Amino acid sequence: VKLALQELRDLARGIHPAILTDRGLGPALSSLAARCTVPVTVTEELKRRPAPAIEGIAYFTVSELLQNISKHSHATRATIDIWRSDTRLLIQVTDDGQGGADTTTGTGLSGLAERLGSVDGLFLVDSPTGGPTTITAELPWRDRHPESRAVS
């Protein structure tokens, strides 16, 4: 409960979680995955960190997707893959649940699609009834400024 309250306070202030700021996207996503109600495997292949704004959007996108998996998917396992492809940061979240995720019902997935679209990102949902669900998020790659912290 204390951790959840701290994350809500951080979010309300617009501050990235400490692990994201200090250690980067891979460790931050692994921390999120460890708290998910289903086992999650994280594969991160980034040689450098993206700009803090892009890193934050990626973190909160995955956070919401993992919450959806916990609440709605009936999955027994999930994966998070994150990598850079030229000028894009790519995130793929897959679960073995019941499928049926849709951006046209409810506000969660459509809200994520809008947020990513606002920074020239893409949000793709492949979730046939019966599963599995694969959600791909693409964000523009923006380099960190030299004074930003490097990956530890």
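About the centre of its Cα atoms, the stretch 11-123 shows a dipole size close to 340 debye [charges on the beta carbon of Lys, Arg (+1) and Asp, Glu (-1) only; nearest 20 debye]. Here the label points at H145 and L3, each 7 Å from Cα along the C-beta direction, are separated by 3.2 nm in the simple model.
Based on alpha-carbon atoms, the Kirkwood radius and the radius of gyration of the stretch 24-68 give Rg/Rh equal to 0.96.
Of all the accessible heavy-atom surface of the chain, with the other protein chains kept in place and a 1.4 Å probe, what percent is carbon and sulfur?
On the way: 4520 of 8450 Å².
About 54 percent, which is the carbon plus sulfur part of the accessible surface.
Each label was represented as a point 7 Å from its Cα along the Cα-to-Cβ direction; for R77 and E64 these points are 2.8 nm apart. Computed over the chain, the per-residue total of -39500 (n - 2.57) for DSSP H runs of n ≥ 4 gives a 222 nm mean residue ellipticity of -11000 deg cm²/dmol, rounded to 500.
Under 5 Å from the amide H of G131 lie the amide H atoms of G99, G100, each residue being 5 or more positions distant or on a separate chain, with H modelled from the backbone and absent for Pro and chain starts. Which part of the stretch 54-88 falls in the paramagnetic zone of Q98, meaning amide N under 14 Å from the point 7 Å along Cα-to-beta-carbon? Of the residues in the stretch 54-88, 69-76 have backbone N under 14 Å from the label point off Q98. Place a label point 7 angstrom from the Cα of R48 along the Cα-to-Cβ direction, then list the residues of the stretch 69-91 whose backbone nitrogen is under 18 Å away. Label zone hits: 83-90. One entry in [x] 1.00; [y] 1.07; [z] 1.12 is Cα Rg over 2.2 N^0.38 Å calculated from the shown coordinates; its label is [x]. Measuring r between the beta carbons of R88 and R35 and using R0 = 22 Å, the FRET efficiency lands at 0.20.
The values are calculated or read from the model by the stated rules, or taken from the named source; none is laboratory data. All figures in this text were calculated on a predicted structure; none of them were measured in a lab. Cβ sites come from the backbone with ideal geometry, for glycine too, and all protein chains shown count toward neighbours. We work out accessible area using only protein heavy atoms, side chains counted, and drop any ligands, DNA or RNA first. Shrake-Rupley method; radii C 1.70, N 1.55, O 1.52, S 1.80 Å.
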